[in-house]
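Visitor: After the structure tokens below, expect a handful of questions from me.
The values are calculated or read from the model by the stated rules, or taken from the named source; none is laboratory data. The shown structure was predicted, so the numbers you read here are calculated from the model rather than taken from an experiment. Positions of Cβ are backbone-derived with ideal geometry, glycine not excepted, and every protein chain shown enters the neighbour counts.
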Ligand code: FES
């Protein structure tokens, strides 16, 4: 089998390895084919039909995300018939979608909304039965609103293929099709680990992070590194009125892509907790009382020196933390070895 094949897309030739889809080949040429159910890190599903193209020898319009490129293939991505078909697909999706965009957490960040704008879908001509579901919000982390679901299956595939939890899948068939945990239960009580990767993959407001759902649109996003462990995942703190209101992941992150654990995605509310220690505490007469850093550090230094003098340096040990930076961990082992004089240094991540 040849290791490259050449096809023509919109009059331009491109060579790709066998197995490449027409969508991927078009993107190599910088040709934009709209997609909805497609995510580059997931198995192509061909569910939404937004990526329709014409290919000589292929009957009707074909989904570019699942159509394999073939040698000599001639593809068109932007004819009037294609634009009309794509717009019709989006119009049909909107016909069965709540029209509450202004109140939706994904307003201006919704892929369905953007597709409608890009494809010129200004009004919906179709009226008929609408799906009616109650949102599932009986957990602290994720709001699942099946009325906003476009059945793209991105959450199903990301849960299965990337997070490998297999919590979400299809239930019912035809008009009643919907995405749910097994036996159509709520997320709370299913095998969900609340990593929120499905939220990051959802193109609409069908899956939303509850903190952000309740806070409304953030003012800005600030890229930072998760403080919870040594993996160093990157995420965006969502900030509103000077307060951190939630976390979103970004598939372009070099460390973790769209993946985060439940702590990184949902455990950041401690930042503004009134229970946080803001001053050192020293135990006096059996109770902790606030004190100055000078007094606290002086007390620690005196006690360590006293123990070392009475029992030797190996009577002292330090346990470092994955929640510290590399530099802080380096400093602690240096302090124990060079100042205290012991090799009794360990790290919580080694457990
Ligand atoms: S993006 Fe190709 S069918 Fe959905």
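Visitor: Quick test of your reading of the structure: residue 164 fulfils all but one of (1) closer than 25 Å to residue 214 by Cβ; (2) in a loop (DSSP other than H, G, I, E, B). Name the failing condition by number.
Guide: (1)
Visitor: If you scan the stretch 1-32, which residues turn out to be closer than 16 Å to residue 55 by Cα and in contact with a helix residue (DSSP H, G or I) (Cβ under 7 Å, 6 or more places away or on another chain)?
Guide: Once the filter is applied, which keeps residues that are closer than 16 Å to residue 55 by Cα and in contact with a helix residue (DSSP H, G or I) (Cβ under 7 Å, 6 or more places away or on another chain), the stretch 1-32 yields 7, 9, 14.
Visitor: Something else about it: Could you please let me know if residue 71 is in a loop (DSSP other than H, G, I, E, B), over 19 Å from residue 204 (Cβ atoms), in contact with a strand residue (DSSP E or B) (Cβ under 6 Å, 6 or more places away or on another chain) and more than 16 Å from the ligand (Cβ to nearest atom)?
Guide: When the stated conditions are applied, residue 71 passes them.
To keep it simple, each residue is scored yes or no on (1) assigned to a helix (DSSP H, G or I); (2) within 16 Å of the ligand (Cβ to nearest atom); (3) modelled with pLDDT of 95 or more; (4) within 21 Å of the chain's Cα centre (by Cα).
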{"site": "75", "(1), (2), (3), (4)": "no, yes, yes, no"}
{"site": "89", "(1), (2), (3), (4)": "yes, yes, yes, no"}
{"site": "102", "(1), (2), (3), (4)": "yes, no, no, no"}
{"site": "116", "(1), (2), (3), (4)": "yes, yes, yes, no"}
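Visitor: Assuming residue 13 fulfils every condition listed in (1) within 30 Å of residue 247 (Cα to Cα); (2) part of a strand (DSSP E or B) apart from one, which condition is it?
Guide: Answer for residue 13: the failing condition is (1).
Visitor: Quick one: in the stretch 39-56, of everything that is over 23 Å from residue 81 (Cα atoms) and touching a helix residue (DSSP H, G or I) at 6+ places or on another chain (Cβ under 7 Å), which residue is surrounded by the fewest Cβ atoms within 10 Å (Cβ to Cβ)? Walk me through how you get there before you give the answer.
Guide: So in the stretch 39-56, the residues over 23 Å from residue 81 (Cα atoms) come out as 39-44.
Filter once more, keeping what is touching a helix residue (DSSP H, G or I) at 6+ places or on another chain (Cβ under 7 Å): 39, 41-43.
Values: 39: 23, 41: 13, 42: 17, 43: 10.
Out of the qualifying residues, it is 43.
Visitor: How many residues does the stretch 99-150 contain that are within 17 Å of residue 36 (Cβ to Cβ) and in contact with a helix residue (DSSP H, G or I) (Cβ under 8 Å, 6 or more places away or on another chain)?
Guide: 13
Visitor: While we're on this one: For the stretch 59-68, which residues satisfy the criterion of being assigned to a loop (DSSP other than H, G, I, E, B) and under 23 Å from residue 40 (Cβ atoms)?
Guide: So in the stretch 59-68, the residues assigned to a loop (DSSP other than H, G, I, E, B) come out as 59-61, 64-67.
Selection gives 61, 64, 65, 66, 67.
Visitor: Kindly indicate whether residue 18 is part of a loop (DSSP other than H, G, I, E, B) and exposed (fewer than 15 other Cβ atoms within 10 Å of the Cβ).
Guide: yes
Visitor: Determine whether residue 59 is under 24 Å from residue 91 (Cα atoms), more than 16 Å from the ligand (Cβ to nearest atom) and out of contact with any strand residue (DSSP E or B) (no Cβ under 8 Å at 6 or more places or on another chain). Break it down stepwise before answering.
Guide: Working: under 24 Å from residue 91 (Cα atoms): yes; more than 16 Å from the ligand (Cβ to nearest atom): yes; out of contact with any strand residue (DSSP E or B) (no Cβ under 8 Å at 6 or more places or on another chain): yes.
Yes, satisfied.
Visitor: A further question on this structure: Tell me which of these residue 269 doesn't satisfy, since it passes every other one: (1) assigned to a loop (DSSP other than H, G, I, E, B); (2) over 27 Å from residue 115 (Cα atoms); (3) under 18 Å from the mean Cα position of the chain (by Cα); (4) at pLDDT below 95.
Guide: With (1) assigned to a loop (DSSP other than H, G, I, E, B); (2) over 27 Å from residue 115 (Cα atoms); (3) under 18 Å from the mean Cα position of the chain (by Cα); (4) at pLDDT below 95 applied to residue 269, the lone miss is (1).
Visitor: Within the stretch 28-38, identify whether any single residue is buried (at least 18 other Cβ atoms within 10 Å of the Cβ), closer than 24 Å to residue 250 by Cα, modelled with pLDDT of 95 or more and more than 9 Å from the ligand (Cβ to nearest atom), and answer yes or no.
Guide: Checked the stretch 28-38: at least one residue is buried (at least 18 other Cβ atoms within 10 Å of the Cβ), closer than 24 Å to residue 250 by Cα, modelled with pLDDT of 95 or more and more than 9 Å from the ligand (Cβ to nearest atom).
Visitor: Considering only residues that are surrounded by 21 or more Cβ atoms within 10 Å (Cβ to Cβ) and assigned to a helix (DSSP H, G or I), which ones fall in the stretch 144-161?
Guide: 148, 154, 155, 156, 157, 158, 159
Visitor: Looking at (1) within 15 Å of the ligand (Cβ to nearest atom); (2) surrounded by fewer than 13 Cβ atoms within 10 Å (Cβ to Cβ); (3) assigned to a helix (DSSP H, G or I), which is the only condition residue 81 fails?
Guide: It is condition (1) that residue 81 fails.
Visitor: Still on this structure: Would you tally the residues in the stretch 237-252 being more than 10 Å from the chain's Cα centre (by Cα) and buried (at least 17 other Cβ atoms within 10 Å of the Cβ)?
Guide: 5
Visitor: Let me ask something else about it. Quick one: which of 47, 25 is within 16 Å of the ligand (Cβ to nearest atom) and in a loop (DSSP other than H, G, I, E, B)?
Guide: After ruling out the rest, the residue left standing is 47.
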